1. Under the √(5λ) rule applied to the eigenvalues of the Cα gyration tensor, what semi-axes describe the equivalent ellipsoid of region 85-206? Give them in Å, descending.
2. Relative contact order (percent) for region 129-258, with alpha-carbon contacts under 8 angstrom and 6 or more residues of separation?
3. Any chance you could give the angle, 0 to 90 degrees and rounded to 10, that helix 72-82 forms with the longest Cα principal axis of the chain?
4. Would you list, by chain and number, the aspartates and glutamates whose Cα falls below 15 Å from the Cα of residue 260, excluding same-chain residues fewer than 8 positions away?
5. Mean separation of Cα pairs under 8 Å and 6+ residues apart, divided by the residue count of the chain: what relative contact order is that in percent?
6. At a Förster distance of 41 Å, what's the computed FRET efficiency of residue 118 paired with residue 251, Cβ-Cβ distance as r, to 0.05?
7. With +1 assigned to the C-beta of every Lys and Arg and -1 to the C-beta of every Asp and Glu, and no other charges, what is the dipole magnitude of the chain about the Cα centre in debye, to the nearest 20?
8. I need the shape label for region 2-118. Rule: rounded when a/c is under 1.5, else prolate if a/b > b/c, else oblate, with a, b, c from the alpha carbon gyration tensor.
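What follows is calculated from the coordinates using simple rules that are stated; it is not laboratory data. The shown structure was predicted, so the numbers you read here are calculated from the model rather than taken from an experiment. With ideal geometry, Cβ positions are generated from the backbone for all residues, glycine too; neighbour counts draw on all protein chains shown.
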Amino acid sequence: MRFAIFGNSYQTKKCEKIATLFETLRKHGDNYAIDRPFLEFLNREYPGITNDAAVIDGNNFTADIVISYGGDGTLLRTASRVGDKGIPILGINGGRLGFLTAISHDEIEKTIEQLHNNNYIIEQRGMIQAETDSHCCLKSYPYALNEIAVMKHDSSSMMTLETTLNNTDTIVYQADGLIVAAPSGSTGYSLSVGGPIIAPDANVFVLTPIASHSLNVRPIVVNDDTEVRIKVNSRSRNFLIAIDGRNESCAENTIITIKKAPYRLHIIRSAGSSFIKNLRDKMMWGADTR
């Protein structure tokens, strides 16, 4: 099999067991290429474990499977590199919680074996995208697996976010910002500010205000065919848009349009895993701690 490997290149202690991955791939006779910054990191910290690796520069690569080694942030960055190639991504957790990267170090050998035996699950994850009008041109990759957040920039004052759904219904938020999350992102930033947990195969978005000034405004779930248009009024005359953590500054009155992306991301799960099991294991979902 052919693997493309991306990873976290700034936390040495969390890569101490990565030699197991390369030993297992060589054992199966697999070919692999490593993203250059991650390869340079490995060669510096763990000399000799990647001597037979090809190098990935840019996004012009092919593989049967992409491996993301790190935390959920690493997987989100990897997703932006994979884009619409349709290559399934396997997330190995070298970070903290690892909700998207559900494979632990102890499961590497077993998981690679399952890949070779076609004994695994591929989840189709919905994506969202952002577009802006002429006031602000997005420079980064405009697609998100988790969320697109519109937030205040450098002022303690709240913003007014005039949010229109399908050019028909308008909600005016007085808040520090607004998160539009895909199902995968419902367990991330949106959850931390009071949003609902959504199963990854649901065809919906959730709009979650950040520190809303109005107690009668709550998160709302809408069909993923909905087009969300946001116009911001801010005392600082600008605001931030964060697309899976990639931040850009936009001028006030920029109109942001958020809608379903034209492709889905493919995430590999181990056979026998499930969304609810992951909630129990990672978030102690339903656990009685009394």
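1. Each semi-axis is the square root of five times an eigenvalue, giving 34, 16, 14 Å.
2. Over region 129-258, the number comes to 33 percent.
3. Roughly 90 degrees, rounded to the nearest 10.
4. 84, 131, 147, 201, 224, 225, 227, 244
5. Relative contact order comes out at 19 percent.
6. For R0 = 41 Å, the calculated efficiency reads 0.20.
7. The calculated dipole for the chain is roughly 340 debye.
8. Cα axes put region 2-118 in the rounded bin.
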